[in-house]
Amino acid sequence: MSRDNPENGQVAQWSRFLDALETACVTCGGQGDVTSHSWRAWYERAEELARVAEAARRAAGLRTGGGGNGFRPEAPPDTAVGAPSIVAAVERAMNEHDAAQPVGSRQVPCPDCGGTGRALSPVGLRLAEILTHHGFVRVEDPERGFNPKG
């Protein structure tokens with residue numbers, strides 16, 4: 001196609017219109033996948049245990065850790081021997097939690113966009129409403145697509 005071809009303008013105009021119908025999925029940020037529920041709960045518990053461990057060490061007058069695996073600070077040398085029982089109990093809980101990692105994939109397809117990373121924009125939702133109203137769109141499973149009543 002040459003640049004002077006009027007079809008180029010039409011293609012560009014339709015491309016802008018079609019682009020306006022979709023946007024990045026808010027849930028997954030356009031990535032198409034999210035952290036699985038079991039892994040998200042595991043990470044939240046790991047962060048909670050790390051905070052409790054730091055508080056227990058501070059309360060016992062021990063030095064707090066640093067570094068570690070992102071969630072669990074490395075235990076300072078003075079927690080290994082003669083640590084108060086609460087610190088030892090928290091350390092045991094952290095070890096047990098580390099050993100109880102969920103099975104399965106950490107990332108799963110986004111439930112809102114079905115793994116595409118795209119969602120209908122307000123303009124796209126309006127078009128879907130119009131098409132549904134006039135019988136051009138029929139959604140068999142409202143959980144996986146546009147539901148004009150929801």
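The values are calculated or read from the model by the stated rules, or taken from the named source; none is laboratory data. Not measured: the values here are computed from a predicted model. Virtual Cβ from ideal backbone geometry, glycine too; neighbours counted across all protein chains shown. In case anyone asks, the SASA skips ligands and DNA or RNA and just uses the protein heavy atoms, side chains included. Shrake-Rupley method; radii C 1.70, N 1.55, O 1.52, S 1.80 Å.
Key figures
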quantity	calculated
Leading residue by the ranking (least open to solvent (accessible area, probe 1.4 Å)) among those in segment 34-48 that are under 17 Å from Asn95 (Cα atoms) and touching a Phe, Trp or Tyr at 6+ places or on another chain (Cβ under 8 Å)	Ala46
One residue from Arg72, Arg63, Arg92 being in a helix (DSSP H, G or I) and either at pLDDT below 80 or not acidic (Asp, Glu) (or both)	Arg92
Residue match in segment 116-135 (condition: closer than 18 Å to Thr35 by Cβ and modelled with pLDDT of 90 or more)	yes
Candidates Gln31, Gln10 - the one that is loosely packed, with under 15 Cβ neighbours inside 10 Å and in contact (Cβ under 8 Å) with a residue 40 or more places away in the chain	Gln31
